[in-house]
1. Against the conditions (1) touching a residue at least 40 places away in the same chain (Cβ under 8 Å); (2) on the phi > 0 side of the Ramachandran plot; (3) among the small types (Gly, Ala, Ser), where does Gly107 fall short? Just the number, please.
2. Having 2 or more residues that are among the small types (Gly, Ala, Ser) is the bar; report the strands (runs of 3 or more DSSP E) wholly within the stretch 48-145 that clear it.
3. One residue is enough: does the stretch 67-75 have a residue meeting the conditions in contact (Cβ under 8 Å) with a residue 40 or more places away in the chain and not assigned by TED's automatic domain parsing to the domain that holds Val41?
Amino acid sequence: MARERNERPERDSDLTERLVHINRVAKVVKGGKRFGFAALVIVGDQKGRVGFGHGKAREVPEAMRKATEAAKRAMVRIPLKEGRTIHHDVRGHHGAGKVILRPAPVGTGIIAGGPMRAVFEALGLHDIVAKSVGTSNAYNMVRATFNALTEESSPRMVAAKRGKSVGELMARRGQAAEAAATE
């Protein structure tokens with residue numbers, strides 16, 4: 001068991017953790033108030049894998065530890081274009097939270113607010129423009145961002161679904177652009 005603990009940090013050492021939100025709740029009991037904490041944590045390898053987790057405990061460090069473990073278990077792979085941006089515009093929503101993500105040219109940076117910025121930094125995106133509409137609730141914004149990112153698809157994924165090669169898809173895309181330009 002002790003050996004297993006020693007091996008874990010080596011494997012997880014390339015992961016970055018970002019604390020997004022801490023919520024303090026109070027339970028009123030006979031002797032006064034008992035405080036509890038809930039933490040929302042984003043974990044990513046900055047190479048296209050990211051996850052989020054939620055943990056609750058009586059103390060902040062324990063809540064963060066639980067949230068980090070949950071985030072590591074829930075990591076998903078997102079296809080990135082040139083390792084710096086997303087492939088296409090995408091929308092996501094969760095509850096009242098709606099997000100719009102757009103790819104951006106080199107040098108734009110991460111133009112996003114609050115919890116979305118933490119997700120993009122942990123994911124390894126360098127150029128993206130994002131807008132959140134609706135709620136400013138950190139939990140719903142993170143879930144909406146993940147909803148949008150999981151709908152992201154690369155040309156390779158689309159080609160595999162259609163049974164074509166990436167070259168065929170890109171050739172057709174070029175022909176369609178030329179046809180539109182001549183009209």
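1. (1)
2. On the way: elements: 49-57, 90-94, 97-103, 128-134.
Those strands (runs of 3 or more DSSP E) span 49-57, 128-134.
3. No, the stretch 67-75 contains no residue that is in contact (Cβ under 8 Å) with a residue 40 or more places away in the chain and not assigned by TED's automatic domain parsing to the domain that holds Val41.
The values are calculated or read from the model by the stated rules, or taken from the named source; none is laboratory data. Remember, it's a predicted structure, so these values are computed and weren't measured experimentally. Quick reminder, even Gly has a Cβ in these numbers, built from the backbone with ideal geometry, and neighbours come from all protein chains shown.
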